[in-house]
Amino acid sequence: MNPRAHFFGDSFVAGYLDPTGLGWVGRIAEHCDGIAFANHGVPGATSEACVRQWFNTGIDPQRNETVVFSFGTNDLIYGVPTENSLAALVRGLDRAAELQVPAYVVGPPDAPGLADAYAGICAARDIPFFDTVIPLGAGSIWRAEADAGDGSHPGAGGYAELAELLERAGLVQWLTKMSSR
């Protein structure tokens, strides 16, 4: 049985507005032979909704499973208190530890304060974290496509840019290593 990587997040995880339908998760999957991918991205989902979904996902103890969280932007849009966003991430990471499922966190692109707080939580737990705020900010393909569209979501080029950044940051290597344990 192939190992499986779960991705929980919002419209960015779902690849919303990517005409190829791949988003960044699908592009990462193209570089991970032998790993099944489960994209649980839900447009409009807050951190709390993403973590609830994670709690309701069956994990097979006979299968090497990993989890990647990427959420937070909708928390700002919907006015979710920061402490609730942080508590949601902690609950998600606690559940991963309880299930012995390695976790990785990709920070929200338009939420620098929240991303910094997520990075601190991950550092304290020795969880890999990738901060997207600066790389997807001014001058990026992501930002240019988002600004030309709905103001938030990029097209294919922006999602490809994020996938490339994550690949260079070691996400593919991490998924491969964690899936072969």
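Only the coordinates and a few stated rules stand behind these numbers; no lab work does. On a predicted model such as this, the values are computed, not experimentally measured, just so you know. As a convention, Cβ positions derive from the backbone with ideal geometry for all residues, glycine included, and neighbour counts pool all protein chains shown.
Within the range 25-53, if we keep just the residues that are within 13 Å of the chain's Cα centre (by Cα) and of a type in the set (S, T, N, Q), the residue that is nearest to ILE77 (Cα to Cα) turns out to be THR46. Here is the figure for the range 83-104: residues that are surrounded by 15 or more Cβ atoms within 10 Å (Cβ to Cβ) and of a type in the set (D, E, K, R) total 2. Each residue in the range 21-64 was checked for being exposed (fewer than 12 other Cβ atoms within 10 Å of the Cβ) and in contact with a strand residue (DSSP E or B) (Cβ under 7 Å, 6 or more places away or on another chain), and 0 pass.
This table checks each residue for (1) of a type outside the set (A, V, I, L, M); (2) on the phi > 0 side of the Ramachandran plot; (3) outside any strand (DSSP E or B).
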residue	(1), (2), (3)
PHE8	yes, no, no
PHE12	yes, no, yes
ASP18	yes, no, yes
GLY21	yes, yes, yes
VAL25	no, no, yes
GLY34	yes, yes, yes
PHE37	yes, no, no
ALA45	no, no, yes
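Against the definition (buried (at least 22 other Cβ atoms within 10 Å of the Cβ), in contact with a Ser or Thr (Cβ under 7 Å, 6 or more places away or on another chain), in a helix (DSSP H, G or I) and without any contact (Cβ under 8 Å) to a residue 60 or more places away in the chain), how does ALA146 come out, yes or no? No; evaluated as a whole, the condition is false for this residue.
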